[in-house]
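Enquirer: Quick one: the structure is below, questions incoming.
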Amino acid sequence: MSRPPTLRVSNLVRYQQAYLSPEAPASQARQSFRRYPRLYHLPLVDAEGRYVALFPKRSLLQVPPETPVQNLPHKEITPLPSYATIYDALQAMELHKIPEVPVVSEEGRHLGLVTTDSLVRWWSRLGAVQEPGAVIILESYLHDYSLAEIAQIFEAEDIRILSAYLLRHDSDLQKTYIVLKVNQIYLSRAIDLLERKGYRIVSLQGDQLMEKNARDHLEALLRYLKM
């Protein structure tokens, strides 16, 4: 039985055995990266099991095999504590431009890595990615939107919201994007109600996109015929 999604990174930790001693030679590091081909960094862990630094794969380029990895370029990345959240991991990856983040216990002992692969799987569960339906992105002013109002509009049309979250607007700090995953693809009436309430439809993903485009073309034709 699968566990429900959780915000704690401790539940997403993998590659517990994927690490290097700071004294390990470059030849051993190359073997480890071949053993874990999806990793671009390996943690350096001392004899007491404490995390030291993050060692990048590219530091092994044109290096003599006997060179200790501690003498090669590495990254002083602060590890995440086991009680950190998924959002902390995402922030660290964005800040340091790395696809793996080390996780340690409260005593500083190495626990493993949180990877982008783990986060993608977690996010796909949280965002109901595998569920059938449609994805809608709305635009609204920060002080105007109401998730309760949006939910009422969909519920009135017997449409269920599977997931919802906000994205920062790319050009206007006074606005936000509202990303919704719903369980149906025919959304004409709900879209009309949302637009009447002042929400702008930024994107529609699914069969309803063709439906809305067809409706827009028909309305344009009717306006033309009335001229």
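Enquirer: When the residues of region 136-163 are narrowed to those that are part of a loop (DSSP other than H, G, I, E, B) and of a type outside the set (S, T, N, Q), which ends up nearest to K175 (Cα to Cα)?
Expert: The qualifying residue nearest to K175 (Cα to Cα) is L142.
Enquirer: Kindly evaluate Y51 against the criterion of being part of a strand (DSSP E or B), closer than 30 Å to L7 by Cβ and among the hydroxyl-bearing types (S, T, Y).
Expert: Yes.
Enquirer: Could you say whether any residue in region 59-73 is assigned to a strand (DSSP E or B) and at pLDDT below 95?
Expert: Looking through region 59-73, none of the residues is assigned to a strand (DSSP E or B) and at pLDDT below 95.
Enquirer: Among (1) among the polar types (S, T, N, Q); (2) assigned to a loop (DSSP other than H, G, I, E, B); (3) modelled with pLDDT of 95 or more, there is one condition Q130 misses while meeting the rest; what is its number?
Expert: Going through the list (1) among the polar types (S, T, N, Q); (2) assigned to a loop (DSSP other than H, G, I, E, B); (3) modelled with pLDDT of 95 or more, Q130 breaks only (3).
Enquirer: Can you run down the residue pairs with Cβ atoms below 7 Å, 6 or more apart or on separate chains, where the first is in region 177-202 and in a loop (DSSP other than H, G, I, E, B) and the partner is modelled with pLDDT under 95 and basic (K, R)?
Expert: What qualifies is N183/R160.
The values are calculated or read from the model by the stated rules, or taken from the named source; none is laboratory data. Just so it is clear, the model here is predicted, and its values are computed rather than measured. Please note: Cβ atoms are built from the backbone with ideal geometry, for glycine as well, and neighbour counts cover all protein chains shown.
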